[in-house]
Amino acid sequence: MHKTVQDVIKMKKERKKISAITSYDYTLASLCDKAGIDILLVGDSAGMVMLGYENTIPVTMEQMCMFTEAVSRARKNSLLVSDLPFMSYQASIEDAINNSGKLIKAGADAVKLEGGSIMAETISAIVDVGIPVMGHIGLQPQTTMLSEGYKVQGKTKDSAMKLIGDAKDLEEAGVFSIAIEMVSHEVAQIISETVSMPVIGIGSGAKCDGQVLVVQDLLGMYDKIKPKFAKRYMNLSEDIVKSLENYRNDVESSKFPAEENSFSMNVEELEKLRKEIGS
Ligand code: KIV
């Protein structure tokens, strides 16, 4: 049985740190699951790292459902949370419930949506139909990016008070967890100590209850944006390009395929064939 939202909530009570990573495809999700990561997040960052968009705004429900289905075929142990993409939940509560249901049918255990206090009513309605919700405050790529660009949140007292208020309202609305993105570490710590549910940070310091990273950042596979907070555990893109160059050279010099990569015919059959075609 895979992890549940209750297991993740319990981890905070037991002071165990929670690991989360984004996943979008079967192959990498299998490896993340095998590594024992607690939460696989099918983030709408898929739009950038998988589909090459400039930002997350063009991502559709159909795309999120396809990524969610692929990850759900791979996961055995982790909790699976999927993002509601831009404009799949903002226009009406009915949209929010319908689209959350689609992600759950695609294999998610819970959905995540961006927004603070303003989203409390919507979150409450989704939770009321039985779908667990993860909130997302601080930098919200679907909207903050439109007005401010990439900017650390919670650097002033007023901005900190707003974030703390958002977190409390989301707690009251019934989220099982909150992601906080690019928030000053002091404010992230205050929020983590204030609310009862797990706070999963990205670029928000070490005092959060857990951490999430985009898997391509961690593996060193996405070079377009290199956020300061994203620790690179390897430089996979260099290794991949090197391997592909080796392959190209092997093809050009006929080194590949070698005998061990080929299939042969039965010798007598080959003899008969040669006679028949006169070669
Ligand atoms: O889409 C995403 O990858 C996310 C994380 C940055 C939390 O929402």
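Quick check on this structure: which one of Leu236, Leu213, Leu218 is away from the ligand (no atom under 16 Å from the Cβ) and either in the same structural domain as Gly138 (by TED's automatic domain parsing) or in contact with a helix residue (DSSP H, G or I) (Cβ under 9 Å, 6 or more places away or on another chain) (or both)?
Working: Leu213 fails: away from the ligand (no atom under 16 Å from the Cβ); Leu218 fails: away from the ligand (no atom under 16 Å from the Cβ).
Within the list Leu236, Leu213, Leu218, the selection yields Leu236.
Say whether the condition of being outside the structural domain of Met134 (by TED's automatic domain parsing) and either under 23 Å from Ser82 (Cα atoms) or in contact with an Asp or Glu (Cβ under 7 Å, 6 or more places away or on another chain) (or both) is met by at least one residue in the stretch 247-262.
Yes; the residues of the stretch 247-262 include at least one that is outside the structural domain of Met134 (by TED's automatic domain parsing) and either under 23 Å from Ser82 (Cα atoms) or in contact with an Asp or Glu (Cβ under 7 Å, 6 or more places away or on another chain) (or both).
Has the stretch 259-275 got any residue that is buried (at least 17 other Cβ atoms within 10 Å of the Cβ) and in a helix (DSSP H, G or I)?
no
Yes/no matrix, rows are residues, columns are (1) open to solvent by 20 Å² or more (accessible area, probe 1.4 Å); (2) of a type in the set (Ser, Thr, Tyr); (3) out of contact with any Pro (no Cβ under 9 Å at 6 or more places or on another chain):
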{"residue": "Ile137", "(1), (2), (3)": "no, no, yes"}
{"residue": "Asp169", "(1), (2), (3)": "yes, no, yes"}
{"residue": "Gly201", "(1), (2), (3)": "no, no, yes"}
{"residue": "Ser204", "(1), (2), (3)": "no, yes, yes"}
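Hey, Glu62 hits all of (1) among the acidic types (Asp, Glu); (2) in contact (Cβ under 8 Å) with a residue 60 or more places away in the chain; (3) within 21 Å of Gly101 (Cα to Cα) but one; which does it fall short on?
Unmet condition: (2).
Please indicate, with yes or no, whether at least one residue in the stretch 24-46 is open to solvent by less than 40 Å² (accessible area, probe 1.4 Å), in contact (Cβ under 8 Å) with a residue 60 or more places away in the chain and either away from the ligand (no atom under 15 Å from the Cβ) or not assigned by TED's automatic domain parsing to the domain that holds Val199 (or both).
Taking every residue of the stretch 24-46 in turn, none turns out to be open to solvent by less than 40 Å² (accessible area, probe 1.4 Å), in contact (Cβ under 8 Å) with a residue 60 or more places away in the chain and either away from the ligand (no atom under 15 Å from the Cβ) or not assigned by TED's automatic domain parsing to the domain that holds Val199 (or both).
Among the residues of the stretch 81-90, is any surrounded by fewer than 19 Cβ atoms within 10 Å (Cβ to Cβ), modelled with pLDDT of 95 or more and of a type in the set (Ser, Thr, Tyr)?
no
For every residue, the table says whether it meets (1) in contact (Cβ under 8 Å) with a residue 12 or more places away in the chain; (2) assigned by TED's automatic domain parsing to the domain that holds Tyr26; (3) more than 16 Å from the ligand (Cβ to nearest atom).
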position: Tyr89; (1), (2), (3): yes, yes, no
position: Ile93; (1), (2), (3): yes, yes, yes
position: Asn98; (1), (2), (3): no, yes, yes
position: Ile123; (1), (2), (3): yes, yes, no
position: Lys151; (1), (2), (3): yes, yes, no
position: Asp158; (1), (2), (3): no, yes, yes
position: Ser177; (1), (2), (3): yes, yes, no
position: Glu186; (1), (2), (3): yes, yes, yes
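The values are calculated or read from the model by the stated rules, or taken from the named source; none is laboratory data. Remember, it's a predicted structure, so these values are computed and weren't measured experimentally. Note: ideal-geometry Cβ built from the backbone for every residue, glycine included; neighbour counts use all protein chains shown. Ligands, DNA and RNA are stripped out before the accessible areas are found, and what is left, the full protein with its side chains, is counted by its heavy atoms. Shrake-Rupley method; radii C 1.70, N 1.55, O 1.52, S 1.80 Å.
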